[in-house]
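The values are calculated or read from the model by the stated rules, or taken from the named source; none is laboratory data. Keep in mind the model is a prediction, meaning the values are calculated, not measured. Cβ coordinates were reconstructed from backbone atoms using ideal geometry, including for glycine residues, and neighbour counts include every protein chain displayed.
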Amino acid sequence: MKRLHILILLALIAAFVSIALAATGFRYHKPTAFDKDQQLIISGKSRHYFVLAGDSQVEVNVDGPSRLKVMSRIALAQGVDSAEYAVEYTLDGGNKANRFSHKAAASAKAEYADKREGYIAALRTHIIEVPRGKHTYIFRLPQDAVQTIYLRFSQETNEFTTGTPVVVMTPFEFTSSVDLVSREENYTYYRVSGKDRVVLKLVGPSTLKVLSRIEYDSDMQGKQKWKVQVLEDGGVNVYEFKLPENHRSSIFRFLMPKSQLEGK
C-alpha cells in the first residue's frame, strides 16, 4: 500500500452482542396466524417457535419478490436419536401442496423453556422463492403424520439500503476468518489486528458497506470505541483494513449492491 487514503473514524459504539445485528441477510418474520406456539432455549437463548401437530397450521404473509427461510426442528420421541419428517405448504389458498422433508439428529444445544423432558432435533432449513406481490403461505403436516414439528421463519432482507439486493464480498487476502451465529443464522467475518490483515480488491465505481465488531477480552467491559484505517493502492482499487490500536482486534464483514457487480 502506497499511501493512507482514508482514516475512518467510525462511530462503532456498541456492545459486542448488539452491533451490526440490523444487517443480517435474513430477519425474523412472525407468522400472521398460528394455532400453537412453543418457547425453546437454543444455545442458552430463548427462541419463539410455532407448532405443527395433528391438524394445526401456521399462516405466513410475505411480500415478494423475496425468499422465505423456513427453519424447523422435530420433537424426538423417547429413546429416538434422529428422525425424518416432512412439512407441506400451499400458496395463496391453492389446492396443490408443496412439500419439503428433512432428517435430523438430536441437538445438544436445544431444550424446552418450560423444562419439560424430551429431546429436540437440530435445526434444518428450507428456502422458498417468493414471487412478486403479496402472498400467503399455509404450513401443515402431511395427512396422518403423528409428529410434532417446530417452525420459525425469516425473510430475506437487503443488508445495504431498502430494496437493494446485496452480495457478501470475500476479501482478496485475509489472515483468519470467524464464523458467528446470530439469531440462528451463520455469518463469516474476517479478523483485523496487529497480526491479522484484510485486503479487498474492488472494481469501481462502487459502494462498499463495512460491518465491524470489536472482540472483547476479559479486561474489556461496556461500550467500546475503535478506529479503523483504510489504506488504498491508488492505481488498482486495492484496500487494506487496519486497526491503529494493535493491542485489540476487530472482525469485519463486507457488502456491495448486487447491481454494481453485474457484468464485472
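Remarks
- Check on LEU12, part of a strand (DSSP E or B), at pLDDT below 95 and not assigned by TED's automatic domain parsing to the domain that holds VAL146: no
- Residue in the range 217-227 that is in contact (Cβ under 8 Å) with a residue 12 or more places away in the chain, surrounded by 13 or more Cβ atoms within 10 Å (Cβ to Cβ) and assigned to a strand (DSSP E or B) present: no
- Residue selected from the range 151-205 under the condition hydroxyl-bearing (Ser, Thr, Tyr) and not in a loop (DSSP other than H, G, I, E, B), by the criterion modelled with the lowest pLDDT: SER182
- Some residue of the range 134-153 being touching a residue at least 12 places away in the same chain (Cβ under 8 Å) and touching a His at 6+ places or on another chain (Cβ under 8 Å): yes
- Within the range 81-102, the set of residues being loosely packed, with under 12 Cβ neighbours inside 10 Å and either part of a strand (DSSP E or B) or at pLDDT below 95 (or both) comprises ASP81, GLU84, GLY93, GLY94, ASN95, LYS96, ARG99.
- Among residues of the range 30-59 that are more than 21 Å from TYR119 (Cα to Cα), those with a beta-carbon under 9 Å from a residue that is of a type in the set (S, T, N, Q) and outside any strand (DSSP E or B) at least six positions away or on a different chain give the pairs ALA33/GLN57; PHE34/SER56; PHE34/GLN57; ASP35/SER56; ASP35/GLN57; VAL58/THR32; GLU59/THR32.
- Residue list for the range 56-77, filter: touching an Asp or Glu at 6+ places or on another chain (Cβ under 7 Å) and of a type in the set (Gly, Ala, Ser): SER56, SER66
- Just so you know, in the range 111-129 the residues that are under 18 Å from the mean Cα position of the chain (by Cα) and assigned to a strand (DSSP E or B) include one that is surrounded by the fewest Cβ atoms within 10 Å (Cβ to Cβ), and it is GLU129.
- Any chance VAL62 is assigned by TED's automatic domain parsing to the domain that holds ILE127, surrounded by 16 or more Cβ atoms within 10 Å (Cβ to Cβ) and in contact with a strand residue (DSSP E or B) (Cβ under 9 Å, 6 or more places away or on another chain): yes
- Every condition in (1) modelled with pLDDT of 80 or more; (2) within 22 Å of VAL166 (Cβ to Cβ); (3) outside any strand (DSSP E or B); (4) not small (Gly, Ala, Ser) holds for PHE252 except the one numbered (3).
- Applying the criterion of at least 2 residues that are among the charged types (D, E, K, R) to the strands (runs of 3 or more DSSP E) found wholly in the range 32-76 leaves 45-53, 58-76.
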